[in-house]
1. For residue 265 and residue 185, compute 0.36 nm times the residue count separating them, minus their Cα-Cα distance, and round to one decimal in nm.
2. Could you please report the charge total around residue 216, scoring K, R as +1 and D, E as -1 over all other residues with beta-carbon less than 12 angstrom from its beta-carbon?
3. Under 19 Å between alpha carbons, and skipping anything fewer than 8 positions from residue 264 in its own chain: which lysines qualify?
4. Where Lys and Arg each count +1 and Asp and Glu each count -1, what net charge lies around residue 47 among other residues with Cβ under 15 Å from its Cβ?
5. Using 0.36 nm times the number of residues separating residue 73 and residue 225, minus their current alpha carbon distance, what extension gain do you get?
6. Give the average over all directions of the projected area of the C-alpha convex hull of the range 12-263, one decimal, in nm².
7. Amide H to amide H under 5 Å from residue 229: which residues, 5+ apart in sequence or cross-chain, H placed 1.01 Å off N in plane?
8. Once amide H atoms are built 1.01 Å from N in the peptide plane, which residues 5 or more positions from residue 86, or in another chain, come under 5 Å H to H?
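Where a number appears in this text, it was derived from the coordinates with a stated rule and is not lab data. Everything quoted here is computed from the prediction, not taken from an experiment. So basically every Cβ, Gly included, is an ideal-geometry build from the backbone, and we count neighbours across all protein chains shown.
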Amino acid sequence: MRGARQVTRWTLAVIAVGAVVGSVLGASPLAAQQGTNLQSKCRPGPNTLGVSRTVEIDATGGPRFGRMQYRDHDFLQDGEVVLTFDDGPHPKFTPEILDALDEHCTKATFFVLGQRALSFPAQLREVGRRGHTIGTHTWSHANLGRSSAAQVESQIELGISAVQLALDGPTAPFFRFPYLSDPASAQAYLKSRDIVNISIDVDSHDFRTKSPSRMISNVMRGLQEKKKGIILWHDIQPSTGTGIRQMLAELKARGYRVVHLQPKQSQSTVAAYDERLERDRGSRPRVAAVRPSPTPAVREPTPQRVAAPPPSQQQRPREYRDWRDTVFGRW
Ligand SMILES: [Zn+2]
């Protein structure tokens, strides 16, 4: 495959400072391709978070962010937060989170699983249409620290190709490791592909609790300690799905300011993985299809037995009709 590019130079451009809201952000080329904020519930006011500034990240060389794991760069000032949601889309919670973000006229970054993107393309497209940034999070939430080099590549690339196929547009070259498990070889692969590695600063631990108030106190405790940071939630978790409105109100009440990450470049795909998705579309399963519940918990998949959960007929465009019985088992 490609050799790692020895590019260490990176730039981080602050492209806007001040009270920037969705309609302005929608003017960026990538946001325009992903859709505009046509039905926003945004009504800017004294109680809305808004977006205090947008930071454009140059993906060249695959820089790393998030001081829980990396100390390379720190672009946030005290009081600034970046909102991030992993593991979606989810048919119920993702739309609820999008509405809550809209009500606060604010923007987030979603790290999406390829498998779930193909299962819930309508929800994914809504994320893009409302002007949020979409990165990827592997195909099926594999722990890359326990994966072979071939599996690492397949998980990363199939995730990217699948999310772009479901989105019908480009994603940001932003990636987050499942379980924050980041072996050196996988990090080198990201660098070779000019993909930004975005870790976290503050963990909501929303997967450990069904209680929104506990999730909120986890975040506020983390922010009190670090004073700023990239915050991790999961848009498949009930505590976040039901608690996000109160969470955003709490951030506003404590005076935190939201920074929206946007990419300088859009994410490229590898043709072989695009073709693999096309080839497997509608193919008969080679092993018995696993049919998770509509809201499966994210866990370490068994690589040979991973199937996309079946979306409803209403959610699935014609071209995804055959996905429900497709099984991918070649990584
Ligand atoms: Zn995850």
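1. Numbers: separation 80, 0.36 × 80 = 28.80 nm, distance 2.35 nm.
Working it through step by step, the gained length comes to 26.5 nm.
2. On the way: positive: 214, 221, 245, 254; negative: 206, 250.
Taking every other residue near residue 216 into account, the sum is +2.
3. Here the lysines satisfying the reach criterion relative to residue 264 are 107, 191.
4. Values: positive: 41, 43, 245, 252, 254, 257; negative: 102, 103, 250.
Net local charge, residue 47 excluded: +3.
5. Net length gain for the segment: 52.8 nm.
6. On the way: hull surface 46.5 nm².
Averaging across all directions leaves 11.6 nm² for the Cα convex hull.
7. 80, 81, 82
8. Answer set, sorted by chain and number: 111, 233, 234, 235.
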